[in-house]
Amino acid sequence: MRLVFASFICLLGALFPVVGASQDQPVVVELFTSQGCPYCPPADAYLNELAKQPNVIALAWHVDYWDYIGWKDSFANPAFTERQRAYAHAQKQRMIYTPQLIINGVENMMGKIYDEVSASIRKVTVQKAVMKLSSSRAGDAYTVTLSASHRHGTYDVQLVRVSPINIVKILGGENAGKTVTYVNVVTDLRSLGSWDGQGKVTFKTGDLVRGKYTILVQHQGHGKIVAAAWLK
């Protein structure tokens, strides 16, 4: 069933809020977007600015439910639409829409202006880190270690691959004629396992193809993201 799409647009001009972040408490900003969504280019541009902040992990999830309106998103994945639906279910929302920004898995920026998004990010950065996340590299593989958790629970440990910079000329649909730059477009998501938050645990990624990867540690059931880091 096709759902009704809401939108939020503000007049950005050439100005974007600047967000600072604590080095031990990264903030994960997830944008659900589509090349076919006429309301999305300002949000895509805003995510580009957020991605420049040193401790903001900005991720673009391209959904597929705009694909039938004259232009098929080259990054769209039904699994990413399902992630958005899972967030909606967890947060008791009745619909999904684009563009949607979600901060650390729990702050849903539904129809809010970007100043409020920035305020939400700043609020997260002053919070105490829930656990310690570290990684080490051996060749093309990584070992991810979680420890020093202050809270117990069931956490999903996820590996996300992104394509850092993507310039797309859109030839059809609602955005026909526009050229849009997309940053940190998610190209793959897989689970490394789960953890109960007790003691210390390690996860192996196996050999990875060349690319940019981040680790997300999230309360099971699409809850709060409590730890995250880029693999370097």
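The values are calculated or read from the model by the stated rules, or taken from the named source; none is laboratory data. Since the structure is predicted, the reported quantities are computational estimates derived from the model, not experimental observations. Methodologically, a virtual Cβ is constructed for each residue, glycine included, from the backbone with ideal geometry; neighbour enumeration extends over all protein chains shown. Heads up: the accessible areas ignore ligands, DNA and RNA and are worked out on the full protein's heavy atoms, side chains in. Shrake-Rupley method; radii C 1.70, N 1.55, O 1.52, S 1.80 Å.
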*Given 5 Å bins starting at zero, what is the percent of C-alpha pairs of segment 124-170 in each, up to the one with the largest pair distance?*
5, 12, 16, 19, 16, 13, 9, 6, 3, 1
*Calculate, for Q93 and R190, the FRET efficiency according to 1/(1 + (r/R0)^6) with r their C-beta to C-beta distance and R0 22 Å; round to the nearest 0.05.*
0.30
*On a 0 to 90° scale, report how tilted helix 114-125 is relative to the longest principal axis of the chain, with both axes built from alpha carbons and the result rounded to the nearest 10.*
0
_With viscosity set to 1.306 mPa s at 10 °C, what whole-number translational diffusion coefficient in µm²/s follows for segment 93-155 from Stokes-Einstein and a Kirkwood radius over Cα pairs?_
107
*asked:* Once neighbouring chains are kept in place and the probe is 1.4 Å, which whole percent of the accessible area of the chain is contributed by carbon and sulfur?
replied: 53
*Select one label from (1) 52, 35, 35; (2) 69, 62, 35; (3) 51, 41, 35: the one whose number is Cα extents along the principal axes in Å as derived from the coordinates shown.*
(1)
_Selection of trypsin sites (Lys or Arg not before Pro), segment 183-214, meeting DSSP coil and at most 13 other Cβ within 10 Å_ = K200, R210
_Cut-off under 5 Å, modelled amide H: who pairs with G193 long-range_ = V157
*Report the label-to-label distance for K232 and T202 in nanometres (one decimal), using points 7 Å from each Cα along the Cα→Cβ vector.*
2.1
*State log₁₀ I(q)/I(0) for segment 144-186 at q = 0.23, 0.29 Å⁻¹ as given by the Debye formula over alpha-carbon point scatterers of equal weight, solvent excluded.*
-0.87, -1.01
_Rounded, prolate or oblate for segment 82-189? Axes are the square roots of the Cα gyration tensor eigenvalues, ordered a ≥ b ≥ c, and the cut-off for rounded is a/c under 1.5._
oblate
*asked:* Given R₀ = 45 Å, what would the calculated FRET efficiency be for T143 paired with T179, taking r from the Cβ atoms and rounding to 0.05?
replied: 0.65
*Roll a 1.4 Å probe over the protein chains and send me the accessible area per residue for the chain in Å².*
47
*Distance in nm between pseudo-label sites at S136 and K212 (7 Å out along the Cβ direction from Cα)*: 2.7
